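Single-structure report; data block below.
The values are calculated or read from the model by the stated rules, or taken from the named source; none is laboratory data. What you see is a predicted model, and the numbers here were worked out from it, not measured in a lab. Quick reminder, even Gly has a Cβ in these numbers, built from the backbone with ideal geometry, and neighbours come from all protein chains shown. Side chains are part of the model used for accessible areas, which takes the heavy atoms of the whole protein and leaves out ligands, DNA and RNA. Shrake-Rupley method; radii C 1.70, N 1.55, O 1.52, S 1.80 Å.
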Amino acid sequence: MDQAQLRRLLPEFAKAGVRELKLNNTDFTEVDIGLLTQTIPNLVFLDLTYSRMKKDQLISLLFTIKHAENLQELDLCGIDLSFVSLTVLKESICNVRKVSLERNFLNKLYEVSVVKECLPSSKLRCLHLHHLKMVSLQRGISIYSEHFNSIEATMLLEMVKNNSTVKELTMTGEDLSTIDEEILFQTVLNLKSVSFVGTHLTTEQLTRIVSAAILSDSLESLNLSSNNLSDLSSEQLVTAAERLNVLGLESTRLTHEQCIAVIGGATTSPTLRFLNLKMVVVEKNYNEVFEVLKEAKKREDLYIIYDHYIDHYHHDL
């Protein structure tokens, strides 16, 4: 939509009480931003992805959004928000049900701060930032992050640890090997679901995480896939399997002894319903593994992924 069309149509949209407005990749820099903001009080949906505005126009827009009682979904992806203060941004979005703010030139520490400030909001149910996602589910808040460094990850873990409304945490692709294991322990202890996939955790960190899983009164699901668990004790892994509902151990370099012990623990666990052993390569004694898998398969309420073994025993399994 060009400038002439914006000047002509936006007042008509406001007068008609249009409820949904999508103006992607639109140049507002030479247009009175008031023509846009006057439409917002009626809107339930606003999508301005990759639109261009001057700084004062954007601040005016955010101020109007702050007071928009009907707005349920907002998409400002691709708009530079790097100059906007945390307070202004938080006050603008915390009363909108679903907000998308990806590719907005916000660094990860700022994103963590945004999530922290928005957690108390009773209305915001879904916040998509570039490296961080927050979704409010019936059982609590889920947070997803990717590619954080140690400083950023520590800040996120501290936030999660200190907020009882967060129930699920997923971190992928980060190198968390320098994170204090005690922070990991305390964070895992009070959650319902934790996933650290491909996070380069050390044996000491993994030991503390599994210890937290064993001691936790709330944790139901633990995913440690793509971390090296080969030096963890089989007994600790078995105890975790016996207490959890879901255990993800894909590509974790489990030893032959660990693998047999975990499958055995899963078989007798009163709670475990899903065990992921995909890409767990056992180099010897396939028959022993095959036998415990056959026994585990007798449980109709337990599903185990064990694709490596199918190559050897697919005709029997």
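Annotations
- In the set (1) of a type in the set (Ser, Thr, Tyr); (2) out of contact with any Gly (no Cβ under 8 Å at 6 or more places or on another chain); (3) at pLDDT below 95, the condition left unmet by Ser142 is number (3).
- Checking each residue in region 1-26 for being under 17 Å from Ile79 (Cβ atoms), open to solvent by 50 Å² or more (accessible area, probe 1.4 Å) and over 31 Å from the mean Cα position of the chain (by Cα) picks out only Met1.
- Looking across Leu61, Leu81, one residue alone is modelled with pLDDT of 95 or more and closer than 21 Å to His131 by Cα. It is Leu81.
- The condition (being in contact (Cβ under 8 Å) with a residue 12 or more places away in the chain and open to solvent by less than 40 Å² (accessible area, probe 1.4 Å)) is satisfied by just one residue among Val135, Val114: Val114.
- Count - residues of region 141-178 that are exposed (fewer than 15 other Cβ atoms within 10 Å of the Cβ) and either of a type in the set (Val, Ile, Thr) or closer than 17 Å to Ser218 by Cα (or both): 5
- Taken over region 85-94, the criterion of being surrounded by fewer than 19 Cβ atoms within 10 Å (Cβ to Cβ) and assigned to a loop (DSSP other than H, G, I, E, B) is satisfied by Ser85 alone.
- 3 or more residues closer than 20 Å to Ser164 by Cβ: qualifying strands (runs of 3 or more DSSP E) within region 96-148: 132-137, 140-146
- Here Ser122 clears all of (1) in contact (Cβ under 8 Å) with a residue 12 or more places away in the chain; (2) open to solvent by 30 Å² or more (accessible area, probe 1.4 Å) except the condition numbered (1).
- Residue within region 35-50 that is in contact with a Ser or Thr (Cβ under 7 Å, 6 or more places away or on another chain), assigned to a loop (DSSP other than H, G, I, E, B) and either over 18 Å from Met1 (Cβ atoms) or β-branched (Val, Ile, Thr) (or both) present: no
- In region 58-67, the condition of being basic (Lys, Arg), at negative phi and in a helix (DSSP H, G or I) is met by at least one residue.
- Residue in region 179-192 that is surrounded by fewer than 18 Cβ atoms within 10 Å (Cβ to Cβ) and part of a strand (DSSP E or B) present: no
- Test: residue in region 36-46 that is open to solvent by less than 80 Å² (accessible area, probe 1.4 Å), more than 21 Å from His130 (Cα to Cα), polar (S, T, N, Q) and touching a strand residue (DSSP E or B) at 6+ places or on another chain (Cβ under 8 Å): yes
- Within region 97-111, the residues that satisfy the criterion of being hydrophobic (A, V, I, L, M, F, W, C) and surrounded by fewer than 16 Cβ atoms within 10 Å (Cβ to Cβ) are Phe105, Leu109.
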